[in-house]
Structures are given as C-alpha cells and as structure tokens.
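Shown next, in structure tokens, is the structure this report addresses.
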Amino acid sequence: MSESALLALRPARSAHATIGPAMRVGGQRVHYVKNGATGGYCRLGARETFLLAAMDGTRSLADIGATYEREFGVPLSTGGMQKILQILGSRGLLALPGTAPAVPPAAPLPRLSVRGWGEVYLRVADPGRLFDAVVRRLGWIDGAVATWCIVLAIGLCEAYALARNAALWQTIQVSLQHPSALLIAVFAGITYASAVVHELAHGTMCVRYGGRVNDMGLMFRYLMLFPYCKLDDLVVLPHARARKVVVLAGVTANLLLLLPFGVIDACVDGAGFLKQLCAWMLVFYNLSVLFNLLPFLRFDGYMLLSIARGRPELKEEAFKELRLMLPRARQVRPRATAPDWPLRTYGLVYALVTAAAVGWALFRWVRWSIDIGLPWLAPAPLLLVLALSLKAGKARAAARPVPANP
C-alpha cells in the first residue's frame, strides 16, 4: 500500500472493542481493552490506546497522526502507523477490512474442568443470562434511597452488635460449654449460603454497570469447595465509583444478612438455640465478613485498594519496590525515579501479614495434629508448600525466554 493510500485510510474501532480507564502497571500508564466478540483482553500503552480511541471511522490516518503529534510531541511515522494497524487488527479491535484475519470467538468454557494439582471448576451453564435476570429485578438497588437504607441498616446492626458485645460473648461461652451439632451445622450452612450470595452480589453489580460475567460456579482448591465469580470486566468499567461498588457489593450483601439476626436477638430472651445462633452470627460471622475488608491476601479490601490506586497489580508492584531496597538490586539496576515509599510500606506490611497468617495456620495445624494423636500429619502443609514452590519455579523457568546462540 502506498503512503498516500495509507494516510487516506479511515480505520474504525470494532463495535466489540471496549477501552478501560487509565491504570498504572510497572510505572507506566496502561489501558485494558476487551474484545467482546472473543471475550479476550489485552493491555495497551497510553499511545496505542490514544490511537485506538481516535479511530472512529470518520478521521483519516493523516488527521490522527497530526493529533498524535500534538498530544505526544513526536510524529507518527508511516511504518509506525502500519505496525499499530497490524497490532490492533490482529487482536480483533479494528473493523477495517484487510488489516488482519478475523480473530475466532473463544470456545465456551466447559461445565467441568480440572487444572493443575486437584483444582476443579464446576461452572454455571450461562451466568450472563442469570445475572441479566437478576439485574432486571434488582436494578433499583443502587439508587440513592436504597443505598442510604442499606447503609443505615448495616450501621444499626454494627452498633447493636457493639453495644451488646459483652452479652453476645456470654451467650457464645454458654454455647461452647455444651456444643450443639445442630447449631454448628446451621451456622455452617448459613455461612456457606452467604458466600454464594457474596459472589452473586459481585456479579449482579458488575452487570448492572455494563460489564459481563462469563465464569461463575464452584471451585475446589486447597482441599476446600467454595463459590467463585470472575470479574474480568472490572478493568474495563469506565467509572471509578462503579468499580468500587462492584468490589464492595459482596461484603455489603453479607452484612445485610445480619439484620434479621439482630432483630431476633433483640426480641428473644433466654439462651436457647435461636439466641445462640444470633450470637454466633453477630460475632463470628460478622468478624469474618469485616476481615474480608483487610487490604491483603487478595481479599475484597485488597481489590478495593488496588482499584482506588489504579494499580491492578498492586501486590506485585509493592514486592518489586521492596526488592529494589536491597543493595544488590540497586547495584544491578539503579533507579531512574524516586522511591515510592507508600508502595514500599504497603509491600512490607503485606509481607508481614502474610507471614503471620501462614505461621498461625501452620501452628494451628501442628497443634491439631498432635491433639488428635496423628503427629505424622504435622509436616503435610510444609510438604505441600514445597511442592507448590517447585511447581511455580518450573513454570517460571519454562516461561523465561531462551537466549539466542551467538
């Protein structure tokens, strides 16, 4: 194609291309872009995203190149234009014929799949259809009146639990003196059901704000079975408030479940089954939900913090910043920018919290193994961690590029 013909082209973004907001990864501004036709995502730099956004089908490449030069202060060469057309076209983000072969749509996810060492996924057949139906019925729930009612209800429950703290713990101590299998079973059932509600709330608000949910179901991992809902579209939702609401939706739904138990506890006297169940919910369940707001260990609090800072890889960047504090790292690769001390502090706290959580879990496992008379079970977690570390090391080695022969 001649240069004049190339500059006269008027490329257009694909109708399926969704450009996400600006975020920071590795110190660079990036945008995630979704191809709705294939369900795939890619990450583009600020300049590539600028060009993609400018390709609306009405502007020629000459006009786009002039706008690019005014924005970034450097001209866009003809070779650069051809390269960006090839890159965007190969990813199915352009509707310009002849730029690249069409990207085939992604195959539907299997209902049942196994990954790695004992990682099993049992998926809902069509989560998008499920959430569309839920949103049609609950689309009013994020309105101003409903939002304030939800905040008021949660605030009242938390205030009641705090004011009744001593009485609730006394009821719990009574229940622990004579453990009831029925109480434990009912509490476990409610907790597990609330986990399902938690994931449904995430997916509902994601769809409510224009996203899609393509993967939801039950996952068996780390010898546990729990529900999950993948929020891949979180990185392409345009408004920060929408992304925060999606992340907070799960915890909000869980805290709302406390309302009937607070009412029952206030109306029922004595220390019977209902009173004990309400005490467990208002203390144990409540603390577990609030624990999910901690900004560590991939909890919802971590997702909220990463969204608020516009850093989807917050943990990885924090640990990278920590490694740069080592003398050897500074010698090998001197910094070109000033240290990010808030990020370093977060990485240090994250590492300490992770170490404390793992240490406590190992301690409790060893104590439990000894208490039940099976001390040979004590090293099992360490062996599992070692095996996973070896597996991760092999994966990193396989992904490392092989140097070319001179």
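Coordinate-derived values only; no laboratory data. Nothing here was measured: the structure is a model prediction, and the numbers come from that model. In this analysis, Cβ positions are derived from the backbone assuming ideal geometry, glycine residues included, and neighbour counts consider all displayed protein chains.
Brief remarks follow.
- Ranked packing of 286-299, 179-192, most packed first, by mean Cβ within 10 Å: 286-299, 179-192
- For Val145 and Ser4, a Förster radius of 60 Å and the Cβ-Cβ distance give a FRET efficiency of 0.50, rounded to the nearest 0.05.
- Note on the range 1-98: Rg/Rh from Cα positions, Kirkwood definition for Rh, rounded to two decimals, is 0.95.
- For the chain, the 222 nm mean residue ellipticity estimated from helices alone, with every DSSP H stretch of n ≥ 4 adding -39500 (n - 2.57) and the total spread over all residues, rounds to -18000 deg cm²/dmol.
- Legend: residue pairs Lys320/Lys394; Lys34/Lys394; Lys244/Lys275; Lys320/Lys391; Lys244/Lys391; Lys34/Lys320, Cα-Cα distance threshold 32 Å; pairs beyond threshold, Lys244/Lys275; Lys244/Lys391.
- Over 17 Å [Cα-Cα, the range 313-382], rounded percent: 58
- If the chain linking Val114 and Asp371 were pulled fully straight, counting 0.36 nm for each residue of separation and taking away their Cα-Cα distance, it would gain 89.1 nm.
- Long hydrophobic helices in the chain: the complete DSSP H runs spanning 20 Å or more by Cα along their own axis with mean Kyte-Doolittle hydropathy of at least 0.5 are 144-163, 181-208, 240-256, 341-371, 380-399.
- Net charge contributed by nearby residues that have their C-beta within less than 14 Å of Gly262 (K/R +1, D/E -1): 0
- If you take the Cα centroid of the range 203-264 and the Cα centroid of the range 79-93, the two points sit 35 Å apart.
- Cβ-based exposure ranking for Ser306, Ser77, in which fewest neighbours within 10 Å come first: Ser77, Ser306
- Springs between Cα atoms under 10 Å define the GNM used for the chain, and in it the highest mean-square fluctuation of Ala308, Ala159, Ala380 occurs at Ala380.
- q = 0.08, 0.11 Å⁻¹, the chain: log10 I(q)/I(0) [Debye, one scatterer per Cα]: -0.62, -1.09
- Packing, taken as the mean count of other beta carbons within 10 Å per residue, orders the peptides 2-14, 236-248 from highest to lowest as 236-248, 2-14.
- Gaussian network model of the chain, Cα within-10 Å springs - most flexible of Glu69, Glu321, Glu119: Glu69
- Other residues whose C-beta falls under 15 angstrom from the C-beta of Ala161 contribute a net charge of 0, scoring Lys and Arg +1 and Asp and Glu -1.
- Two-decimal log10 I(q)/I(0) for the range 109-312, as the Debye equation yields it once each C-alpha is a single scatterer, q = 0.18 Å⁻¹: -1.31
- Residues whose amide H lies under 5 Å from that of Gly40, counting only those 5 or more places away or on a different chain, are Asn35; hydrogens are built 1.01 Å from N in the peptide plane.
- In this structure the amide hydrogen of Arg212, modeled in the peptide plane, comes within under 5 Å of the amide hydrogens of Asp233, none closer than 5 places in sequence on its chain.
- Packing here is the average count of other Cβ atoms within 10 Å per residue, and on that basis the peptides 256-269, 32-45, highest first, run 32-45, 256-269.
- Within the shell defined by Cβ-Cβ distances under 13 Å, the residues around Pro227 carry a net charge of +1, with Lys and Arg each +1 and Asp and Glu each -1.
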